[in-house]
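Visitor: Please see the structure below; I have some questions.
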Amino acid sequence: MQTFDLGKEGLRALNSSLHALKGQTNMTAWEVINPKGAHAIAAGVDAPVEITVRGSTGYYCAGMNKQATIRIKGSAGPGVAENMMSGTVIIDGNASQYAGATGRGGLLVIKGNASSRCGVSMKGIDIVVHGSIGHMSAFMAQSGNLVVLGDAGDALGDSLYEARLFVRGSVKSLGADCIEKEMRPEHLALLADLLKRGEADGKAKPEEFKRYGSARKLYNFNIDNASSY
C-alpha cells in the first residue's frame, strides 16, 4: 500500500501521483492520511486503484472519478463525486451539498445523510444514501438511480427527466412534474441489486420503498426515442 501524508507532502503532489497512474498499474492500493478537510482530494483519478482517505474532506473530493474505488473514512464537503464517470465512491459519514452532481456513471454510496441537491442533474450515476437527503435533490435529474433509505426534503425530483428515485421514508414534498409511480417487478430487482452494491442490503428490503419519476409534462419526450436523448 502507498501511504501518502497530505499534511506533509501536499495536495498537488498527491493528485499528480494519482494522475500519473493512467490505465493499468501495480500500485493499486493507496492510503491518504491527514486530509484535514482539504479540497479536491483524489479528483480526476483514471485508474483501477483503491484509495482510502482517513478523515473528512473538503470540496469536490473524488470529482470526475473514473475506474477508482475511493472510500472516505469521514464526511465529505460539497460536490463529492461531482461529474463522476465510473468506479465507486463510498463515504462512511455524511455528505454536504450537491453530492454526485452531474454524475454520468459509477456508484456513490453515502453511509450517513446527504444535504441539499443530492444528485442534481445526475446523468447516469447510481447513488445510495443510507440516511436522509435534503431539499431539491435530483433536481433536473436526467438518468440513473437515487436510492434513499431515510427521508427526502422539499421539492424532490423537481423538473426531472428519466432518472428513477426510490425513497423508503417520507417525502416532504415533490417538485414540479415529479410523481409517485408503480413499483413493478423489474424495479424491485433493480433496487435489490443497488442495495447490495450500496452495502445496504441488510438494512432495508426493496418492498419497503416507493418509486418516483417524471410525469413527462414539462418537456417534449417520446419513450420510443429514449436511447437518442
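Every number in this text was worked out from the coordinates using simple rules, so none of it is lab data. Note that this is a predicted model, so its numbers are computed, not measured. When we count neighbours, we look across all protein chains shown, and the Cβ atoms used for this are built from the backbone with ideal geometry, even at glycine.
Visitor: Please work out the FRET efficiency for the pair S16 and E182, using the Cβ-Cβ distance as r and a Förster radius of 41 Å; give the result to the nearest 0.05.
Guide: Working: r = 50 Å, r/R0 = 1.22.
For S16 and E182, the calculated efficiency is 0.25.
Visitor: Can you give the relative contact order of region 1-129 as a percent, counting alpha carbon pairs under 8 Å and 6+ residues apart?
Guide: Numbers: 429 pairs, mean separation 20.2, N = 129.
Value for region 1-129: 16 percent.
Visitor: So for the pair N26, K196, with labels modelled 7 Å out along Cα→Cβ, what separation do we get in nm?
Guide: With each label placed 7 Å out from Cα toward Cβ, I get 3.4 nm.
Visitor: In addition: Taking a ≥ b ≥ c as the square roots of the Cα gyration tensor eigenvalues, with a/c under 1.5 meaning rounded and otherwise prolate when a/b beats b/c, else oblate, which class fits region 61-100? Kindly include the intermediate steps, with their values, before the conclusion.
Guide: Details: a/c = 2.74, a/b = 1.30, b/c = 2.11.
Cα axes put region 61-100 in the oblate bin.
Visitor: Check V32: other-chain or 5+ apart residues with amide H under 5 Å from its amide H, H built from backbone geometry?
Guide: It is F4, T52, V53, R54, by chain and number.
Visitor: Under the rule of at least 5 residues apart or a separate chain, name every residue whose amide H is placed under 5 Å from the amide H of L108.
Guide: When sequence neighbours closer than 5 places are left aside, the close amide H contacts are V89, D126, I127, V128.
Visitor: Hey, rough spin-label estimate for S170 and N34, points 7 angstrom out along Cα→Cβ, what's it come to in nanometres?
Guide: 4.6 nm
Visitor: Sort Y212, Y59 by Cβ crowding within 10 Å, fewest neighbours at the top. Walk me through the numbers on the way to the answer.
Guide: Values: Y212 23, Y59 19.
With the fewest neighbours first, Y212, Y59 line up as Y59, Y212.
Visitor: For the modelled label position 7 Å from the Cα of T3 along Cα-to-Cβ, which residues of region 38-71 have backbone nitrogen atoms closer than 17 Å?
Guide: 51-55
Visitor: OK, next. Give me I90, I33 ranked fewest to most by other Cβ atoms within 10 Å of their Cβ, as a rough exposure proxy. Walk me through the numbers on the way to the answer.
Guide: Numbers: I90 20, I33 16.
So the residues, fewest neighbours to most, are I33, I90.
Visitor: Can you put M1, M183, M122, M84 in order of Cβ neighbours within 10 angstrom, beginning with the fewest?
Guide: Ascending Cβ contact count within 10 Å gives the list M1, M183, M122, M84.
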